[in-house]
1. Please state which of the following conditions residue 217 fails to meet, knowing it meets all the rest: (1) exposed (fewer than 13 other Cβ atoms within 10 Å of the Cβ); (2) over 24 Å from the mean Cα position of the chain (by Cα); (3) in a helix (DSSP H, G or I); (4) touching a residue at least 24 places away in the same chain (Cβ under 8 Å).
2. Does residue 378 satisfy the condition of being within 14 Å of residue 177 (Cβ to Cβ) and surrounded by fewer than 19 Cβ atoms within 10 Å (Cβ to Cβ)?
3. Is there a residue being in contact with a strand residue (DSSP E or B) (Cβ under 6 Å, 6 or more places away or on another chain), under 11 Å from residue 210 (Cβ atoms) and at pLDDT below 95 anywhere in the stretch 255-269?
4. Which residues, counting only those in the stretch 40-69, are exposed (fewer than 15 other Cβ atoms within 10 Å of the Cβ) and more than 25 Å from residue 213 (Cα to Cα)?
5. Which of the residues that make up the stretch 93-110 are surrounded by fewer than 16 Cβ atoms within 10 Å (Cβ to Cβ) and either within 19 Å of residue 55 (Cα to Cα) or without any contact (Cβ under 8 Å) to a residue 60 or more places away in the chain (or both)?
6. I'd like the residue in the stretch 123-152 that is in a loop (DSSP other than H, G, I, E, B) and surrounded by 23 or more Cβ atoms within 10 Å (Cβ to Cβ) and, out of all such residues, is farthest from the chain's Cα centre (by Cα).
7. Inspect all residues belonging to the stretch 31-52 and state whether any of them is in a helix (DSSP H, G or I), within 22 Å of residue 207 (Cα to Cα) and either at pLDDT 95 or above or assigned by TED's automatic domain parsing to the domain that holds residue 119 (or both).
8. Say whether the condition of being at pLDDT 95 or above, in contact with a helix residue (DSSP H, G or I) (Cβ under 8 Å, 6 or more places away or on another chain), farther than 25 Å from residue 366 by Cα and buried (at least 22 other Cβ atoms within 10 Å of the Cβ) is met by at least one residue in the stretch 230-239.
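The values are calculated or read from the model by the stated rules, or taken from the named source; none is laboratory data. Since we're looking at a predicted model, the values are computed, not measured. Please note: Cβ atoms are built from the backbone with ideal geometry, for glycine as well, and neighbour counts cover all protein chains shown.
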């Protein structure tokens, strides 16, 4: 039975490619222009689940591996789903709100648009039965089925954010919203001659994935906090320039996965110098992506608004700013505009859940390269 409501209260759950934990947001929205966030929280994975998730992702390199490791997938998926359920339970106790929908992105362990497969761990039916709520998951598959890349899916929410920021802070379009997660994606929002808002989205390169991978493999740590190790280290310019020259990015029209990148080119460096060189390499690709996208769309985009965990890496952000000097771009943190940059994606999937439930588009030719604007997500009511 379809709920006939103007405003929905929706939970969004997001576990990104860093695999460090789960972000949860609770929002109120009509799935269009009305939006408010009423709660954000984060729960870090216990060490056992964290290691299981990393290990499982490392084992799955093709569709055959999904079958080979099916039993392990089921086991880890159940543990991951229950972890999310404990977090939801704590939040429901903490807030005085009746939840309508749960947007459950899940944990990506394999993504290959060429064969139309994107696997996220997460048992939506189990979550629905536990809370007696409608759960929306499997957000990417319908887009893949219609010729899309399955990512990025957050641009429709970025477009909403940009309108709110533009209204409250009198910014002029175009606006770039840059999310530095495991992968970096950019949404560019423009105003056309008829005052209609158009948006375009692209994956432009690594975000935290190279730096996090290097840190995990060399220290008993999950990431380079604040970019401190990168600041201690010295960039190997010879290796950096060679890596930039060797990196062949054929098109910004395809989505990227963390497995598209590896740290082998800094293998001979010290830990700190590896951090410094990988950070500079990542910064170059992000800045170069911004420059090329502006040229491609014939814009001088003045406002670059950063969100995601990577924005807290001071070394990375300083390098991006250095690469963008004299490019007529103003760089800001999304937190400067009264949005919490740690929870943009969890808020986005709460918002996408509402749009999915209402059969509104979440994928667009200008964002995922699907053939037409389409909705997506499986709507599960297991109670």
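1. Every listed condition holds for residue 217 apart from (2).
2. Numbers: within 14 Å of residue 177 (Cβ to Cβ): no; surrounded by fewer than 19 Cβ atoms within 10 Å (Cβ to Cβ): yes.
So residue 378 fails the test.
3. Yes, the stretch 255-269 contains at least one residue that is in contact with a strand residue (DSSP E or B) (Cβ under 6 Å, 6 or more places away or on another chain), under 11 Å from residue 210 (Cβ atoms) and at pLDDT below 95.
4. Listed by number, the list holds a single entry, 67.
5. Listed by number, the residues that qualify are 93, 94, 96.
6. 123
7. To start, the set of residues in the stretch 31-52 that are in a helix (DSSP H, G or I) comprises 47-52.
Narrowing further to those that are within 22 Å of residue 207 (Cα to Cα): 50-51.
The next check asks that each one be either at pLDDT 95 or above or assigned by TED's automatic domain parsing to the domain that holds residue 119 (or both); those that pass are 50-51.
Yes, that holds for at least one residue.
8. Keep residues of the stretch 230-239 that are at pLDDT 95 or above, which gives 230-239.
The next check asks that each one be in contact with a helix residue (DSSP H, G or I) (Cβ under 8 Å, 6 or more places away or on another chain); those that pass are 230-236, 239.
This time we only want the ones that are farther than 25 Å from residue 366 by Cα, so: 230-236, 239.
Okay, now just the ones that are also buried (at least 22 other Cβ atoms within 10 Å of the Cβ), so 230, 233.
Yes, the stretch 230-239 contains at least one residue that is at pLDDT 95 or above, in contact with a helix residue (DSSP H, G or I) (Cβ under 8 Å, 6 or more places away or on another chain), farther than 25 Å from residue 366 by Cα and buried (at least 22 other Cβ atoms within 10 Å of the Cβ).
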